[in-house]
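Shown next, in structure tokens, is the structure this report addresses.
Nothing in this text is a laboratory measurement; each read-out follows from the coordinates by a stated rule. Every value quoted in this text rests on a predicted model; they were computed, and no experiment measured them. Don't worry about glycine lacking a Cβ; one is built from the backbone with ideal geometry, like all the others, and counts go over all protein chains shown.
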Amino acid sequence: MKGNIFAKIIVYAFLILGLVVFITPFIYMVMTTFIGDAYSLPRPNEVFTAVPNLDNYETVWNKNNFFRYFMNSLLVAGVATVGSVFLGALTAYSFVRFTFPGKELLFRVFLFTMMIPLVLAIVPQFTVIKNLGLVNTYWGLWLLYIGGGVVGSTFFLRGFFETVPKELEESILMDGGGNWTIFRRIYLPLSKPALGTMAIFAFSGTWDEYFVALTIIKDEAMRTLPIALMMFQGKYASNWSWIFAASIIAILPVIIIYIVFQKKFVQSGHTDGAVKG
Amino acid sequence: MLPKVKNESDHNQQPVMTPKQKEPKKPKPSKFMKGLKQWMQVFPFLFLGLTGASVFVIYPLIKGIVMSFQDYNIMPGAESPFVGLENYAKAFSDPAFRYAVRNTFLNTVVTVPINWFLGLFFAVLINIQFVKYKITFRTLYYLPIITSWIVVAFLFRYLFADGDNGLINYLLVQVGIIEEPISWLQNQWTAMIVIWLFHIWKTVGWTVVIYLAALQGIPKELYEAASIDGANGLKAFRFVTIPMLGPITAFVIINLVMGAFNIFPQVYFITNGGPMGQTEVLQSMIYKQAFNNFNFGYSSALGVMMGLTIFLITLTQQKKLGKQRFM
């Protein structure tokens, strides 16, 4: 019994040590935002004794069109998320429910593109958008986010669609429903957790996306939050309180969504297959 | 009333679902007609995704390979002459490329084992029966993963700031590990350490979550059987847990290697390759060659070489993925 308690203490000690390493930087960041007039690097003592207040958040929110960039990002990420989930579901459904010539080849091509770093594609992607006349439009961004992400989302959702029992389809077929009805009434509702997880991935991915947005969007008023953050940091390089107040506003939506939904998270289809070996 | 056309198409769907009825009642239609019919059925569902993938993934990748053999000029109407392997040859005489290759490999060699070990270690600890607040631990360990790269980069630059006031310097001096504050980002190797720590800190939560899921998937009966055989604690871990985690470990390691190899924002936002290009990695070099220096051909050649390397490294995993069932 004594050994057991000893083991418990050691295990918890390691777990809490890990927690300290992962969480302290966040706490230090939040504490920094409570300091007023931080025009140079604040001393750790100042940070530890800062009194919580929201002054810096208010200043940042009203500064440099920050509110506008926030709304831009919301629009960009929102549409990209809906589009990615819809397109991913549609394509995954095509692969799971249909047989057609060339399916295996197509599947392999899709698989192959996942192994190649997409940085190789970024220049041609840009020229495609340019030829479509969509530089400096959100359509250009959406097309790249949704079209460029379709392979990944297809693979993710495919794993879950495969677990949908085929017997369920028969009732729809008997009622005279077709492929669309099966998609809408069986595959989508039964895959809600997977679709939700996918939506969160898509949202946080596009919300944070920097490099594509930087190359496509030229107009200052149309910038998204990550670009605005970098500009903001360039402008107020040493005012860490403002920079972190802006940063926290920028990461808050994703963190809130994650914490609210994380119990419903599902693991990616890859792990499923891998566990079963 | 059922629309007749729909009914027919549903009927043709049957062979897919139930292999027993494979033979159609009508005289055998030609293979071509059958394929055409199948394509017509799947087309409304597939064509958007297929178009998206073709235009924004497959075409750009092929185009990227072609560009790597060109002196590519992005201006409309300007010529982009083919230059053979010149772009590739250029890389091998470019000192920046040597740094980028070295640093990319170093990042992989250093971070993958640490990341793997820490991920497994914490997952095993969280999974121990008596540990409470499992979900809380998992959520908090995962927090760095969902935080924006840019913000975490700001944070690391802040924590590792020069002088007494940087938190890391402050702590190290207080504890007495170092006497003088270190200028972390001004020196090649200390900057590399910051990048590695950044990479590990930001991504280890993923390994924890994946292993935790795998551990929870191990059937309880196996442990019960082991305990009947007199194996408990460490022995059960050695003879039940480790073998059961085999397949997932391959998956985790391949993903960690790919993640470490694809290191990019870690460097771009922390040091931007500095001091003097000594912390540059392949992806940041590829990006900058294209969008800062407009050397699109050279950038593509670097991308092709990197893609080939990743392809070879992950070959084993691909074979496994390729074996997956399609239906």
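Add -39500 (n - 2.57) for each DSSP H run of 4 or more in chain A, then divide by its residues: what number comes out at 222 nm, to the nearest 500 deg cm²/dmol?
Helix contribution divided over all residues of chain A: -23000 deg cm²/dmol.
Placing unit charges on C-beta atoms (Lys and Arg positive, Asp and Glu negative, everything else neutral), compute the dipole magnitude of the stretch A:166-262 about its Cα centre in debye, rounded to 20. Let's see the in-between values first.
Numbers: 7 positive and 8 negative charges, 51 e Å.
That gives a dipole near 240 debye.
Kindly provide the trypsin sites (Lys or Arg not before Pro) of the stretch A:40-126 that DSSP labels as loop, not H, G, I, E or B, and whose Cβ sees at most 10 other Cβ atoms within 10 Å.
Working: sites: A:Lys63, A:Arg68, A:Arg97, A:Lys103, A:Arg108; in loops: A:Lys63.
Counting only loop positions with at most 10 other Cβ atoms within 10 Å, none of the trypsin sites (Lys or Arg not before Pro) in the stretch A:40-126 qualifies.
Send over the per residue convex hull volume for the stretch A:1-134, Cα only, as a whole number of Å³. Mind showing how you got there, number by number?
On the way: hull volume 40.5 nm³, N = 134.
It is 302 Å³ per residue.
Starting from a Cα-only point model with no solvent, please compute log10 I(q)/I(0) by Debye for the protein assembly as shown at q = 0.08, 0.10 1/Å.
-0.65, -1.00
Straight-line reach from B:Lys235: which aspartates and glutamates have a Cα under 13 Å away, not including same-chain ones fewer than 8 places off?
Those aspartates and glutamates meeting the cut-off are B:Glu224.
Beyond 15 Å, what percent of the Cα pairs of the stretch B:28-67 remain?
That tail contains 57 percent of the Cα-Cα pairs.
Name the residue farthest towards the positive end of the dipole of the stretch B:86-322 from the options B:Gln283, B:Phe269, B:Gly176, assuming +1 on Cβ of Lys and Arg, -1 on Cβ of Asp and Glu, about the Cα centre.
B:Gln283
Over chain B, with a Gaussian network built from C-alpha contacts below 10 Å, which listed residue (B:Gly84, B:Gly230, B:Gly297) shows the highest mean-square fluctuation?
Judging by the Gaussian network model, the answer is B:Gly230.
Calculate the mean, over all residues of peptide B:158-170, of how many other protein chain Cβ atoms lie within 10 angstrom of the residue's Cβ.
4
Please list the equivalent ellipsoid semi-axes of the stretch A:44-86, computed as the square roots of five times the alpha-carbon gyration tensor eigenvalues, in descending order and whole angstrom.
Semi-axis lengths for the stretch A:44-86 are 34, 15, 7 Å.
Give A:Lys130/A:Lys218; A:Lys166/B:Lys37; A:Lys103/B:Lys34; A:Lys8/B:Lys134; A:Lys166/B:Lys220 a once-over and call out the pairs whose C-alpha atoms are over 18 Å from each other.
The pairs that break the limit, which is 18 Å between Cα atoms, are A:Lys166/B:Lys37; A:Lys166/B:Lys220.
Starting from a Cα-only point model with no solvent, please compute log10 I(q)/I(0) by Debye for chain B at q = 0.09, 0.10 1/Å.
Ignoring solvent entirely, the Cα scatterers give -0.75, -0.87.
Quote the Stokes-Einstein diffusion coefficient, in whole µm² s⁻¹, for chain A, based on the Kirkwood radius over alpha carbon pairs, a temperature of 4 °C and a viscosity of 1.567 mPa s.
Using the Kirkwood radius from Cα pairs, D works out to 58 µm²/s.
Report the Cα centroid-to-centroid distance between the stretch A:72-98 and the stretch B:27-89 in angstrom, as an integer.
If you average the Cα positions of each part, the centres end up 21 Å apart.
Run through the stretch B:22-115 and list the trypsin sites (Lys or Arg not before Pro) located in a DSSP loop whose Cβ has at most 15 other Cβ atoms within 10 Å.
Those that pass, being in a loop and sparsely packed, are B:Lys22, B:Lys25.
Which values, in whole Å and largest first, are the semi-axes of the equivalent ellipsoid of the stretch B:191-287 obtained as the square root of 5 times each eigenvalue of the Cα gyration tensor?
The answer is 41, 12, 9 Å, longest axis first.
Within straight cross-link reach of A:Lys235, meaning Cα distance under 16 Å, which aspartates and glutamates are found once same-chain residues fewer than 8 apart are removed?
A:Asp37, A:Glu220
If r is the Cβ-Cβ distance from B:Glu86 to B:Ile313 and R0 is 41 Å, what FRET efficiency results, to the nearest 0.05?
0.95
With a cut-off of at most 15 other beta carbons within 10 Å, and DSSP calling the residue loop, which chymotrypsin sites (Phe, Trp or Tyr not before Pro) in the stretch A:12-71 qualify? Please list them.
Qualifying residues, ordered by number: A:Tyr39.
Give the longest segment of chain B that steers clear of GluC sites (Glu not before Pro) in DSSP loops with at most 16 neighbouring Cβ atoms within 10 Å, not counting the sites themselves.
The reported range is B:180-327.
May I have the pair-distance distribution P(r) for the stretch A:2-58, computed from all Cα-Cα distances with 10 Å bins from 0 and rounded to whole percent?
21, 34, 20, 15, 9, 1
Which value, in nm² and rounded to one decimal, describes the direction-averaged projected area of the C-alpha convex hull of the stretch A:155-261?
For the stretch A:155-261, the mean projected area of the Cα convex hull comes to 9.9 nm².
If I stretch the segment between B:Gln186 and B:Lys37 completely, what's the gain in nm (0.36 nm per residue apart, minus their alpha carbon distance), one decimal? Spell out each step's value before the answer.
Values: separation 149, 0.36 × 149 = 53.64 nm, distance 6.47 nm.
Length gained, B:Gln186 through B:Lys37: 47.2 nm.
To the nearest 500 deg cm²/dmol, what mean residue ellipticity at 222 nm is calculated for chain B from DSSP H runs of n ≥ 4 alone, each contributing -39,500 (n - 2.57), summed and divided by the residues?
After summing the helix terms and dividing by residue count, I get -21500 deg cm²/dmol.
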